[in-house]
Amino acid sequence: MAAADFAECFVLRPGVSWSNGQYSFSTATASFGGKPSMVAITHGDGVRTAEYFDPSGRVLLAEIQYGIAGFGGDPAKAAITDEYDAMPTFPQRAKPGEQFHRSGKGVRFLASEPGEAPEAIEYRGMSNFTFVGFVDLEATVNGVPRTFANTCHLKAQDAQHTMEYWYASGYGPVRKRAFSNGTRLFDDTIRRITEE
């Protein structure tokens, strides 16, 4: 599905599963806080994270990081749960070149400290974004050239780091690129779709 507008880029279609060679990404319908939501699960380098979004895909409700087997954790059990009451949100509308701020606050629950009061947190992700514009992203998927039409190209920066994202409607962030002090750290693009 081609993105019709900025908000459309963030819509997640349930049952999608893909990988970029470094990590895998999959989506499903879910419930969080008793309300319908979408969950996006990423898995790579021994780490599994689930992000819960409202049905629009723009509002982050919670992040759950599961145990890391390599460090003695149980990969089937939540180790850290961050729940947001001031939720990190992408705006519904943006024009190319427009800047916006994405931040949030909430509480953190640690499985290693059951019964302890949750810790107040602020969203750790990148905050200062620029909507670069709509881009037709060319990729080789399952060995075949494919175009993801009208992806939303976003750039986020702080003093030392730059992150770029290309969000495709239904699929999430199909390309990510990172730089630190001008040196490229990675450039990961969707390579294989296993379900859509």
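The values are calculated or read from the model by the stated rules, or taken from the named source; none is laboratory data. Since this is a predicted model, take the numbers as computed values, not measurements. Glycine also receives a Cβ, built like all others from the backbone with ideal geometry; neighbour counts cover every protein chain displayed. In case anyone asks, the SASA skips ligands and DNA or RNA and just uses the protein heavy atoms, side chains included. Shrake-Rupley method; radii C 1.70, N 1.55, O 1.52, S 1.80 Å.
For the residues 159, 168, the requirement of being aliphatic (A, V, I, L, M), open to solvent by less than 70 Å² (accessible area, probe 1.4 Å) and either over 19 Å from residue 99 (Cα atoms) or free of Cβ contacts under 8 Å to residues at least 12 places away in the same chain (or both) singles out 168. Filtering region 34-58 to residues that are part of a strand (DSSP E or B) and under 11 Å from the mean Cα position of the chain (by Cα) leaves 39, 40, 41, 42, 49, 50, 51, 52, 53. Tell me, which residue of region 37-48 that is under 21 Å from residue 107 (Cα atoms) and at pLDDT 95 or above is most open to solvent (accessible area, probe 1.4 Å)? My answer is 41.
Taking region 5-28, which residues are over 14 Å from residue 196 (Cα atoms), polar (S, T, N, Q) and either out of contact with any Phe, Trp or Tyr (no Cβ under 9 Å at 6 or more places or on another chain) or in a strand (DSSP E or B) (or both)? Answer for region 5-28, where residues must be over 14 Å from residue 196 (Cα atoms), polar (S, T, N, Q) and either out of contact with any Phe, Trp or Tyr (no Cβ under 9 Å at 6 or more places or on another chain) or in a strand (DSSP E or B) (or both): just 20.
For region 84-132, give me each residue that is small (Gly, Ala, Ser) and open to solvent by 70 Å² or more (accessible area, probe 1.4 Å). Spell out how you get there, then give the answer.
Kept after step one, since they are small (Gly, Ala, Ser), are these residues of region 84-132: 86, 94, 97, 103-104, 106, 111-112, 115, 117, 120, 125, 127.
Passing the criteria: 112, 115, 117, 120.
Of all residues in region 69-83, which are at pLDDT below 80 and part of a loop (DSSP other than H, G, I, E, B)?
The initial filter retains those residues of region 69-83 that are at pLDDT below 80, namely 69-75.
Listed by number, the residues that qualify are 72, 73, 74, 75.
Output the residues belonging to region 163-193 that are part of a strand (DSSP E or B), at pLDDT 95 or above and among the hydroxyl-bearing types (Ser, Thr, Tyr). Selection gives 165, 167, 189.
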